[in-house]
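Visitor: Handing you a structure now.
We did not get these values from a lab; they are worked out from the coordinates using the rules stated. Note that the coordinates shown come from a computational prediction; the quantities given were computed from them, not determined experimentally. Cβ: placed from backbone, ideal geometry, glycine included. Neighbour counts: every protein chain shown.
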Amino acid sequence: MALFSTVFWRLAGAALMLSLGASVATACPNWQLSGVQGYYTNGQDLWSPNSYSVVAGGNQSLRNCGFNYTGYVISSPDFEFSIDGLQGYGRLNIRVNGSCDTVLLVNDSTGQWWFNDDSNGFDPSIDIFNPVNGTWDIWVGTYSPGTCSATLTLETF
């Protein structure tokens, strides 16, 4: 009976940990969620900088979500861009100008994650060379807990 009790409680504990882990993971940045703001654009349109207003930050700590970065974002991407016509453009620049210390997290159309903090003062910038058409999910976060106003800019070169 003691063996059954021990096994039962170990299995119950494992099930509880799995369910807690699943709830934590669903709160982390998730590229499968729809972006708060969705846009269609193309490489030619981005030849001139395109800017978008956003409230930076959120309640999800990137470090608690398995990223080796410091920053706070929301679970859903702030932006989901469908971008076509990128062939012929050697570089896509994604940058943020914020009223606080902001961070930038991107899941590109190939599924690769990109992160930056403080490329230009407290503002992040990411250059992606030979960008690929598809869906781009972008989070504009803050280095510390809290939120602030920010502007996201995309531009091709």
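Visitor: Just give me the residues in region 62-79 being in contact (Cβ under 8 Å) with a residue 60 or more places away in the chain and surrounded by fewer than 19 Cβ atoms within 10 Å (Cβ to Cβ), in sequence order.
Guide: Residue satisfying the conditions is Thr70 alone.
Visitor: If you don't mind, another one. Under 6 Å by Cβ, and 6 or more places apart or on different chains, what pairs join a residue from region 97-108 that is in contact (Cβ under 8 Å) with a residue 40 or more places away in the chain and over 19 Å from Arg63 (Cβ atoms) with one that is of a type in the set (A, V, I, L, M) and part of a strand (DSSP E or B)?
Guide: Partner pairs satisfying both residue conditions: Gly98/Ala56; Gly98/Ala150.
Visitor: Could you look through region 107-142, keep only residues that are among the polar types (S, T, N, Q) and closer than 23 Å to Asn42 by Cβ, and pick out the one that is surrounded by the most Cβ atoms within 10 Å (Cβ to Cβ)?
Guide: So the residue we want is Asn107.
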